[in-house]
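Structure record follows, encoded as structure tokens.
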Amino acid sequence: MISMQRSVANKTAGYPRIGSGTDQARPLIELKHVSKTYHTVAGDFSALKNIDLAIESGEFVAIVGKSGSGKTTLINVLTGIDRPSSGEVHIAGTPVHQLDEGQLAIWRGATLGIVFQFFQLLPTLTVLENVRLPMDFCNQYTSSERNERAMSLLRLVGIEEFAHQLPSQLSGGQQQSAAIARSLANDPQIVVTDEPTGNLDAHTAEQVFDLLIRLAASGKTVLMVTHDDDLASRAGRVITLQDGEIV
Ligand SMILES: Nc1ncnc2c1ncn2[C@@H]1O[C@H](COP(=O)(O)OP(=O)(O)O)[C@@H](O)[C@H]1O
Ligand SMILES: [Mg+2]
């Protein structure tokens, strides 16, 4: 089995740090007074209201709440996909809210694995090529290491026999496993998933969830948005959002 541990020194070299850098006393993920307001033609809408949140390295955190409670907004702000209207997001010593777009892309590629509900595999690439792609962007592994590593990750998630197939030839659960393998391509410290089992039947959802549990057990920090209270109750911690607030 391929090691899922990361080398911190290796991963933090070469991308910009602003501010104080890594502070060992700080939680791995820290949100301070984070608010997000969407400005729409119908008026302003507060999707996140003064969120304070600290997550330690190695935690498995489930984020639950009704549709529209702000779960995806929280994930987007945390991953730098979207910016907070106010407040601070610190991840592994990096003030994410201060990075510009170019810095964000580099930082995200090296630090986060992101898994979406609808897999978002590229349909014209094979499964192996999909898993290899983030390595080609990040340049952390040599060209010859990449295929071997992609294959190891497919083995890790149990779908190596589909390596040379197109995503459309796989079942939903297999595609999500491929998406998880892809999220691990650059050996991120943190895996963030928004409704990863939302499009899967209960049995397959269970298998994908077990895979995330294994990642957390191996030392990854895992954040999972889910509608499934049974699955959430098996995470190390459950955070419930309601109308943009943690309750
Ligand atoms: N880009 C946007 N523009 C305006 N309103 C938005 C936007 N994205 C989300 N919202 C609103 O913010 C609230 C929270 O959305 P979201 O974070 O997607 O909730 P959840 O993921 O919990 O279903 C919802 O009321 C949604 O309609
Ligand atoms: Mg959502």
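No lab work stands behind these numbers, since they all come straight from the coordinates. In this text, all values refer to a predicted model and were calculated from it rather than measured experimentally. Glycine gets a Cβ as well: all are built from the backbone with ideal geometry, and neighbour counts include every protein chain shown.
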Lys pairs in region 20-162 with Cα under 14 Å (8 or more apart in sequence, or on separate chains) total 4
Mean residue ellipticity (222 nm) of the chain, computed from DSSP H runs ≥ 4 via -39,500 (n - 2.57), nearest 500: -10000 deg cm²/dmol
Residues of region 161-193 with backbone N under 15 Å of the label point set 7 Å from the Cα of HIS227 along Cα→Cβ are none
Residue by residue through region 170-176, the couplings from Karplus 6.51 cos²θ - 1.76 cosθ + 1.60 with θ = phi - 60°, in Hz, x for Gly and Pro, are 9, 6, x, x, 5, 5, 5
If amide hydrogens are placed 1.01 Å from N in the peptide plane, which non-local residues have theirs closer than 5 Å to the one on SER85? SER35, LYS36, THR37
Can you list, largest first and rounded to whole Å, the semi-axes you get for the chain by taking the square root of 5 times each eigenvalue of its Cα gyration tensor? 28, 22, 17
Report, in degrees rounded to the nearest 10, the 0 to 90 angle that the Cα long axis of helix 143-156 makes with the longest principal axis of the chain. 80 degrees
Using a basic spin-label model with each label point 7 Å from the Cα along Cα→Cβ, how many nm lie between SER46 and ARG234? 3.7 nm
For the pair HIS164/ASP136, report the inter-label distance in nm, with labels modelled 7 Å from Cα in the Cβ direction. 1.8 nm
Can you give me the distance in nm between label points at GLN242 and ALA202, each placed 7 Å from the Cα along the Cα-to-Cβ direction? 2.7 nm
Taking the Cβ of ALA47 as the centre, find all other residues whose Cβ is under 14 Å away and add up their charges (Lys, Arg: +1; Asp, Glu: -1). +1
Taking the convex hull of the alpha-carbon atoms of region 161-247 and averaging its shadow over every direction gives an area in square nanometres of 6.7 nm²
Mind checking the full-extension length gain between ARG214 and GLU148? Use 0.36 nm per residue of separation minus the Cα-Cα distance, one decimal, nm. 21.6 nm
